Amino acid sequence: MFAYKASAQQGTRMFRAKILSKCAFRRKMSSRLVLGIETSCDETGAAVMDETGLILGESLHSQKEVHMKTGGIIPTVAQRLHRENIGRVVQEAMERSGVTQSQLSAVATTVKPGLALSLGIGLDFSLNFVKLHQKPFIPIHHMEAHALTVRMLQPVVFPFLVLLVSGGHSLLALARGIDDFLLLGQTLDEAPGDTMDKVARRLSLIKHPKCSMISGGQAIEILARDGDRLKFLFKPPMGAQYDCNFSFAGLRNQVTMSIQKKEEEEGVEQGTLLSCVNDIAAATQHTVASHIAKRTHRAILFCKAKDLLPSCNPTLVVSGGVASNQYIRKILKIVTDTTGLHLLCPPSKFCTDNGVMIAWNGVERLREGKGILSHTEEVNYEPKAPLGVNITAEVKEAAIKLPPLKLRVTD
Ligand code: KG4
Ligand code: ZN
């Protein structure tokens, strides 16, 4: 959607080596450098970044293919894969950057929230690393990092509204500073990516020729393009709750019941690809999209009513794996166009988990001198960690009713 500075990784090895030998050397002399490490879920990521947000080197190992085969993340498997890959991933990022350990100004690592066993691997590795090389350590909140990644790509000023939607997250927050967030709404049960992954699994989309090697969410987006969403009418979640929280479990239940009914009608066993998969995908995607859009619409109206957004160029940033869904983006654009907000969606590569977003959060903290530790004895990981100050009750109390808005995508 917009140009970004992350160019050092795009060329061939030779090209990259040349660029790094000329530019990185000059930068290394003038800029502080941060190594970022991410292991909170199913990606082992590392990146070296300079103070301007230029990615000097990065490496990412995704476990998604392994977890797709087992039908979900098994924490002990995730832990083993992080353990097997973290050394190589960090080494690759360092080598690609042309930066030596001694030139680093700090190491930033995700310590919360996430899977305990996964977080533990990144933290242990990082604490050993900072001890060995005598570097300051910057503990990172994974959601804060997602929320602020956009600022690496362009100068988005605080405050701005953030929608994070992925396989593990679903929340709306107001970002007021690098460590200052107001939580407006969050999921009461599961995240939208998780819901779509489960629906895709229940539909056995892995057997579909167009969907065998992609995530459930992607599969639903692709099939939905050829489907008629009006063939299945799912009740939109939480219609009578005038807050900004999310709920997707009830929708999943409705979809599962419709699938069962269709299987009975067609006289096929569970696990058989139904003839109506495209229509189910389209209806599921539309219901997820409009639920997300309505909660976001209310969050915008709440922020406006409380004067929480700037009058000049108020912005909604959307991130997380589900943010790469074009249908959802289009529906959100209807909301932002109607309310006069600017919609920013970072490229998919930066919406999903990686070391770059952690390194960037380290850079932001280093610049402001916030949360930089020279002693790490007390540091631990936290599987559960809220984002910012929770004002969801205040949002609920405001009980803002949405004006009618047609969420219809035409193309
Ligand atoms: O951010 P992410 O890579 O990992 C975390 O969950 O943290 O997001 C992965 C999730 C998966 O649930 C996947 O199904 C969903 O994002 N996803 C999508 C699309 N691409 C990935 N959902 C809807 N439409 C897509 N195009
Ligand atoms: Zn994430």
**Complete:** Once normalised by the length of the stretch 312-370, the mean sequence separation of its alpha carbon contacts under 8 Å that are 6 or more apart gives a contact order in percent of 40
**Message:** Test of understanding: in a Gaussian network model of the chain with alpha carbons linked when under 10 Å, which of THR272, THR39, THR284 would top the mean-square fluctuation ranking?
**Reply:** THR272
**Fill in**
For LEU172, the net charge from surrounding residues (Cβ-Cβ under 15 Å; K, R +1; D, E -1) works out to +4
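For the ranges 209-220, 396-407, what's the packing order if you count other beta-carbon atoms within 10 Å of each residue, average per peptide, and put the highest first?
Highest mean packing first, the order is 209-220, 396-407.
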**Prompt:** So for the stretch 33-87, Kirkwood radius off the Cα pairs, Stokes-Einstein at 20 °C and 1.002 mPa s: how many µm² s⁻¹?
**Reply:** 177
**Message:** Using only the alpha-carbon atoms, how far is helix 75-97 inclined from the longest principal axis of the chain? Give it as 0 to 90 degrees, nearest 10.
**Reply:** 50
**Request:** Grab every C-alpha pair in the chain, bin the distances at 20 angstrom width from 0 up to the longest one, and report whole percents.
**Result:** 27, 55, 18, 0
**Request:** Give me the net charge of GLY185's neighbourhood, meaning all other residues with Cβ under 12 Å from the Cβ of GLY185; Lys, Arg count +1, Asp, Glu -1.
**Result:** +2
**Asked** If you place +1 on the Cβ of every Lys and Arg and -1 on the Cβ of every Asp and Glu, how big does the dipole about the Cα centre of the chain come out, in debye to the nearest 20?
**Response** 1000
**Prompt:** Using the alpha-carbon atoms, what tilt in degrees (0 to 90, nearest 10) does helix 355-368 show relative to the longest principal axis of the chain?
**Reply:** 60
**Prompt:** What residue among LEU172, LEU104, LEU233 shows peak mean-square fluctuation when the chain is described by a Gaussian network model with Cα springs under 10 Å?
**Reply:** LEU233
**Request:** Could you please state, rounded to a whole Å, how far the C-alpha centre of the stretch 37-80 is from the C-alpha centre of the stretch 270-327?
**Result:** 25
**Prompt:** What are the residues whose amide H is under 5 Å from the amide H of VAL379, where those residues sit 5 or more places off or on another chain and H is modelled from the backbone?
**Reply:** none
**Prompt:** Amide H to amide H under 5 Å from ILE140: which residues, 5+ apart in sequence or cross-chain, H placed 1.01 Å off N in plane?
**Reply:** THR109, THR110, VAL111, LYS112
**Asked** When the chain is treated as a GNM, springs tying every alpha-carbon pair under 10 Å, which of VAL99, VAL66, VAL111 comes out with the largest mean-square fluctuation?
**Response** VAL66
**Request:** For the stretch 305-373, count all C-alpha to C-alpha pairs, find those more than 19 Å apart, and express that count as a whole percent of the total.
**Result:** 51
**Request:** Please identify every one of the GluC sites (Glu not before Pro) in the stretch 222-293 that sits in a loop by DSSP and has no more than 16 other beta carbons within 10 Å of its own beta carbon.
**Result:** GLU269
**Request:** Place +1 on the Cβ of every Lys and Arg and -1 on the Cβ of every Asp and Glu in the stretch 40-171, take the dipole about the Cα centre, and give the residue among MET49, GLY120, LEU164 whose Cα lies farthest towards its positive end.
**Result:** GLY120
**Request:** Note the angle between two axes, namely the Cα long axis of helix 277-305 and the longest principal axis of the Cα atoms of the chain, as a number of degrees from 0 to 90, rounded to the nearest 10.
**Result:** 70
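None of the figures in this text is laboratory data; all of them are computed from the coordinates on show. Fair warning: this is a prediction, and the values are worked out from it, not measured in the lab. So basically every Cβ, Gly included, is an ideal-geometry build from the backbone, and we count neighbours across all protein chains shown.
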